[in-house]
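What follows is a short report on a single structure.
The values are calculated or read from the model by the stated rules, or taken from the named source; none is laboratory data. These numbers were taken from a predicted model, which means no experiment stands behind them. Neighbour counts are summed over all protein chains in view; Cβ atoms, including those assigned to glycine, are modelled from backbone coordinates with ideal geometry.
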Amino acid sequence: MDLSSKLREYRNPLLIAITGALLLVLLFALTLNSLIDWQVQAALRNNAQIRAQHWADNFFKTTPSARRMVETGIITPSERDRIESSFPLIDVVRFKLFNREGMQTLLSDSGLLGPSDLFSDEALQVFKSGEPIVGLHEHEEADEYDHEAHLETYVDVYLPAVLPSGERIGALEVYVDVSEFEEALEKVFQRVSGYLILGTFIALLFPAAADVYRTRQVMKQDKRLLELTRYDQLTGVLNRNSISDYLKSHFEADTASPTLGILFIDVDQFKQVNDEHGHASGDAILKHFADQFRSSTRSNDDIVGRYGGDEFIVLCRGITLKGFRKLYGRIMEATKAPFSFDNTVHHPTLSIGAYLAGVEDDEKTSLHRADLALYAAKRQGRNQVVEYSEDLEGLFDREETQETA
């Protein structure tokens, strides 16, 4: 057999192997992309449902006139402003309220609130069953600067309208913008997909080497995904889900240190900073405060998290009342110094609600009381700490009654 025949005999099986490997990799890539798309959509729906539920719980908890809004669609200007100010916390685009018959009573759109008389079968179904309905949508929107169309993704979540007492009085539909979260997930998953596809191709030709390479890459991506799901990407502190998980585990555990100090922190006039100086300045202030919170707390016992928008939570495990007061005093003192960014000096202040939870408390009660104290701090002029007391229970309900009387 001459040399050319030997080369042809060698080349044909090699070409077949390479072609077969490429076909397998292509099939794997198509399957993987389908799985990733499905997983991303599932994550978007789940994330939006959690955020919408938190927003709805807070809405009914802090809005004494919620029954009137759901049943009649009547809303005061002050109520409208307060509700609209909560939209950026979870990227709410709009929301609708429905009564017990599934008739739409209130619509928010572009900051304008007004009654409507549209019937929704989904709202009626959610009211009767008490189970949420979640839908994922995409629509084209022109950029206000370059006028190029781009896709915006949002999730509409139908939830039962439930008062703090547990009474179901209707339903609401919350539209949550998930475009940024979708983009972040897709970037991560696309990178993971590329590594996996490359690793699979190499594994078909060089099994041993490819197995080591793929394992290392998957471990790296798992770490990145873990950071994405546990930490706030702007400030580096824990995100809302991580804080909620910790609170749940703390109140369910039989711990030797039952007390838990909770600081609910809000940056005063944060919207004005964004409006006057731009979002870059707002982001810089949030990162500045996050650093101050971490440096002012106990490194081994305290947890700092961003609860959403300009809200932070500090959890202090096993702390005494005296130590709790010293700790939030350090925070207020550390954040008094002016902060410079982009040749502008800022003097941001904080409103803080403080509550020391004991063995008789649970997650919902503790957050409610810290939130009431925060609300009191803002109502009393901001730039201060208010500790929860029983006098705060019902105080704002009475004020609301007096305002509307």
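Before we move on, is Phe289 in a strand (DSSP E or B), at pLDDT 90 or above and assigned by TED's automatic domain parsing to the domain that holds Ser366?
No, not satisfied.
Is there a residue in the range 92-99 that is more than 27 Å from Gly309 (Cβ to Cβ) and modelled with pLDDT of 85 or more?
Yes, that holds for at least one residue.
Would you mind stating whether Gly353 is assigned by TED's automatic domain parsing to the domain that holds Leu286 and over 16 Å from Ile243 (Cβ atoms)?
No: the conditions fail for Gly353.
Would you confirm whether any residue within the range 346-365 is over 27 Å from the mean Cα position of the chain (by Cα) and among the basic types (Lys, Arg)?
Looking through the range 346-365, none of the residues is over 27 Å from the mean Cα position of the chain (by Cα) and among the basic types (Lys, Arg).
Can you tell me which of Val40, Val70, Val92 is of a type in the set (Val, Ile, Thr) and closer than 14 Å to Tyr175 by Cβ?
Just a single option satisfies the conditions, and that option is Val92.
Of all strands (runs of 3 or more DSSP E) completely enclosed by the range 322-377, which ones contain at least 2 residues that are over 21 Å from Thr297 (Cα atoms) and among the aromatic types (Phe, Trp, Tyr)?
In the range 322-377, there are no strands (runs of 3 or more DSSP E) which contain 2 or more residues that are over 21 Å from Thr297 (Cα atoms) and among the aromatic types (Phe, Trp, Tyr).
Condition check ((1) within 19 Å of Ile50 (Cα to Cα); (2) among the charged types (D, E, K, R); (3) modelled with pLDDT under 65; (4) surrounded by fewer than 20 Cβ atoms within 10 Å (Cβ to Cβ)) across all residues:
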residue	(1), (2), (3), (4)
Val162	yes, no, no, yes
Glu167	no, yes, no, yes
Leu172	yes, no, no, no
Val178	yes, no, no, no
Phe181	yes, no, no, no
Glu186	no, yes, no, yes
Arg191	no, yes, no, yes
Phe206	no, no, yes, yes
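Can you tell which of Ile313, Ile319 is in contact with a helix residue (DSSP H, G or I) (Cβ under 6 Å, 6 or more places away or on another chain), in the same structural domain as Asp245 (by TED's automatic domain parsing) and either assigned to a strand (DSSP E or B) or in contact (Cβ under 8 Å) with a residue 40 or more places away in the chain (or both)?
Ile313
Would you mind telling me which numbered condition in (1) more than 11 Å from the chain's Cα centre (by Cα); (2) within 20 Å of Leu374 (Cα to Cα); (3) touching a residue at least 40 places away in the same chain (Cβ under 8 Å) Pro88 fails?
All conditions pass for Pro88, except number (1).
Do we find that Thr335 is of a type in the set (Val, Ile, Thr), modelled with pLDDT under 95 and within 26 Å of the chain's Cα centre (by Cα) in this structure?
Taking the combined requirement at face value, the residue satisfies it.
Scan the range 50-67 and tell me whether some residue there is over 19 Å from Ser108 (Cβ atoms), assigned by TED's automatic domain parsing to the domain that holds Val92 and at pLDDT 80 or above.
Checked against the condition, which is being over 19 Å from Ser108 (Cβ atoms), assigned by TED's automatic domain parsing to the domain that holds Val92 and at pLDDT 80 or above, the range 50-67 yields at least one hit.
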